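Structure, as structure tokens:
We did not get these values from a lab; they are worked out from the coordinates using the rules stated. This structure is a prediction, so every number in the text was calculated from the model and none was measured. Virtual Cβ from ideal backbone geometry, glycine too; neighbours counted across all protein chains shown.
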Amino acid sequence: MEQGYDFGLVGLGVMGRNFILNVAEKGFTAFGNDLDAEKVAALISEGGNENQVSATTNLATFVEKLSAPRKIMLLVPAGKIVDAVIESLLPYLEPGDILIDGGNSFFTDTDERAAYLKEKGIHFFGAGVSGGAKGARLGPSIMPGGSKEAYAKVQPILEAAAAKYQGEPCVAYLGPNSAGNYVKMVHNGIEYGLMQLTSEIYDLLKKGGDLSNSELHDIFTQWNTGRLQSFLVQITSEILAKKDDLTDGDLIDMILDRAKQKGTGKWTSQNAMDLGIPVPSIDISVSMREISALKEERIQANKLYTRPSIESMEKTALIDLAEEALYFSFIMTYAQGLHQLAEASKEYGYQLDIGLIAKIWRAGCIIRAAMLADITAAFEEDNSLPNLLLAPSFVKKIEPTVVAARKLVGYGITNGIPLPGLVNSLTYFDAYTSNLLPLNMIQAQRDFFGSHTYERQDREGIFHTDWEG
Ligand code: 6PG
């Protein structure tokens with residue numbers, strides 16, 4: 001091969017291997033690198049044609065094989081490994097080369113890396129890649145942030161590799177510095193929220209409607225043909241149909257109710273707190289993973305307290321309420337995540353286009369859903385919308401579902417079925433749409449014990465009262 005390869009990829013794990021094969025299949029020549037000789041050999045054999053896709057364990061050879069300016073994606077675990085890979089690549093790179101970190105790196109790490117590499121003339125992108133192994137192979141949603149000028153050089157490759165929604169690629173330049181990693185972090189926060197909500201609805205239908213896994217499979221399959229159409233509803237239906245290989249039962253009933261996490265949901269919540277933006281549907285989904293981890297304590301506590309016996313509800317009525325409540329709370333979760341993005345854009349100077357973000361989430365990523373087309377349209381109509389709840393088209397969608405959400409939450413609470421995601425989504429809605437909240441009392445209390453002052457409803461100014469005088 002005389003001319004250098006178009007694209008380089010470091011880290012031939014599941015994501016890396018699938019992504020490089022995807023790029024090669026789109027007609028770009030691609031070269032991989034991994035320390036593990038077995039992974040290198042596996043890629044070469046799977047790729048078939050070494051002129052199209054090949055790999056090496058040797059970093060110097062790897063860089064040499066690429067055409068300048070080099071476009072190298074890193075798909076390695078977030079954290080120190082990213083820095084180690086950057087350091088080992090640096091001696092072979094030249095000014096103008098482009099590095100793209102495709103992992104779930106923390107956004108401030110990306111800012112530091114970009115500044116460090118800028119001094120050396122290297123362009124650095126933090127690009128969230130969503131869609132799991134299958135997405136990486138068939139087309140993920142890609143969320144890049146970094147130097148706008150360098151983006152033009154990687155754009156054709158990323159657009160070819162990305163998922164397509166009605167022919168449009170699910171990738172776009174999102175903003176400077178860590179904009180891409182930040183957007184991916186909030187994508188994951190929303191992912192946590194939607195997963196929590198789906199799991200609550202599954203639990204509620206099972207316990208409250210005595211529905212079998214096979215009936216539940218049919219319900220989620222049906223929902224996936226309507227306004228709830230989404231990747232997460234689709235996989236929920238598939239999970240419910242899966243038989244267990246080790247027993248005669250269904251696999252879902254054998255899986256331990258203890259959820260793990262790698263941190264992106266928690267980061268979303270933590271940063272939302274820093275920004276002062278409420279994202280309670282996301283916060284609670286992180287807390288629920290934490291509560292789930294306390295399995296032994298939960299078993300102990302379960303023996304100490306009486307729970308109400310569940311009064312089952314007529315199946316059709318329950319299923320209808322559940323569909324409406326899930327639709328309602330999905331909207332609340334997207335609204336909170338997008339609100340956070342709008343604020344982060346101001347705080348960190350990302351200049352995010354919220355409509356564009358919703359657009360590139362319509363296919364390829366884990367939170368892809370039919371409602372993202374409606375969200376895109378709402379922001380295209382008014383790109384300065386502070387919150388999705390204020391979009392006239394969404395008022396029409398939300399309003400008819402609120403009663404069902406209330407009924408379902410009421411039913412769950414009375415019967416002791418935990419529905420914290422649904423409750424927080426409903427509470428968020430009730431609070432956000434309240435023109436009067438009881439926080440006047442909090443201001444009075446603050447002023448009472450700490451002279452923190454308060455404002456008044458009827459006149460301008462800052463006031464303090466001698467409460468005990
Ligand atoms: C994606 C996912 C992915 C994430 C997993 C696991 O968009 O493809 O968000 O990036 O790593 O979902 O996350 P947790 O282990 O934290 O659940």
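Given a cut-off of 36 Å, what percent of all Cα-Cα pairs of the chain lie beyond it?
38 percent
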Open item on the list: I need the P(r) histogram for segment 184-432: all alpha carbon pairs, bin width 10 Å from 0 out to the longest distance, whole percents.
Closed with: 7, 30, 37, 19, 6, 0
Task: About the Cα centre, charge dipole magnitude for the chain (Lys/Arg +1, Asp/Glu -1 at Cβ), debye - done: 300 debye
- [ ] Based on the mean of other Cβ atoms within 10 Å per residue, sort peptides 174-186, 29-41, 268-280, 306-318 so the most packed one is first.
- [x] 174-186, 29-41, 268-280, 306-318
- [ ] Could you work out how far helix 371-381 tilts from the main Cα principal axis of the chain, as a 0 to 90 degree angle to the nearest 10?
- [x] 90 degrees
Task: Prolate/oblate/rounded label for segment 1-95 (Cα gyration tensor, a/c 1.5) - done: oblate
Task: Rg over Rh, two decimals, segment 206-256 (C-alpha only, Kirkwood Rh) - done: 1.01
Open item on the list: Just to confirm the number: angle between the C-alpha axis of helix 420-432 and the first principal axis of the chain, 0 to 90 degrees, nearest 10?
Closed with: 70 degrees
- [ ] Collect residues whose amide H, placed 1.01 Å from N in the peptide plane, falls under 5 Å from the amide H of A363; neighbours closer than 5 in sequence don't count.
- [x] none
Task: Other-chain or far-sequence residues with amide H under 5 Å of G32's (modelled H) - done: L9, S54, A55, T56
- [ ] Based on a Kirkwood Rh over C-alpha pairs, give the Stokes-Einstein translational diffusion coefficient of segment 7-177 at 20 °C and viscosity 1.002 mPa s in µm²/s.
- [x] 137 µm²/s
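So what is the calculated 222 nm ellipticity per residue for the chain, using -39500 (n - 2.57) for each DSSP H run with n of 4 or more, over all residues, to the nearest 500 deg cm²/dmol? Walk me through the intermediate numbers first.
On the way: 21 runs with 261 residues, N = 469.
Helix-only estimate at 222 nm: -17500 deg cm²/dmol.
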- [ ] For segment 203-260 and segment 20-89, write down the distance between their C-alpha centroids in whole Å.
- [x] 38 Å
Open item on the list: Order 367-374, 193-200 from most to least packed using the mean count of other Cβ atoms within 10 Å.
Closed with: 193-200, 367-374
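According to the square roots a ≥ b ≥ c of the eigenvalues of the Cα gyration tensor, what is the shape class of segment 351-451, taking rounded for a/c under 1.5, prolate for a/b larger than b/c otherwise, and oblate for the remainder?
On the way: a/c = 2.27, a/b = 1.39, b/c = 1.63.
In terms of gyration-tensor shape, oblate.
Give, as a single signed number, the net charge of other residues whose beta carbon lies under 15 Å from the beta carbon of N188, with Lys and Arg counted +1 and Asp and Glu -1.
Numbers: positive: K184, K260, K262, K266, R289, R368; negative: E191, D283.
Taking every Cβ under 15 Å from that of N188, the sum is +4.
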TODO: Quick one: grab the alpha carbon gyration tensor of segment 287-361, order the square roots of its eigenvalues as a ≥ b ≥ c, and give me rounded if a/c is under 1.5, else prolate or oblate depending on whether a/b is larger than b/c.
DONE: oblate
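What ranking do 93-104, 321-332 get when scored by the average of other Cβ atoms within 10 Å per residue, highest first? Can you show the working numbers first?
Details: 93-104: 21.3, 321-332: 24.7.
Peptide ranking by packing, descending: 321-332, 93-104.
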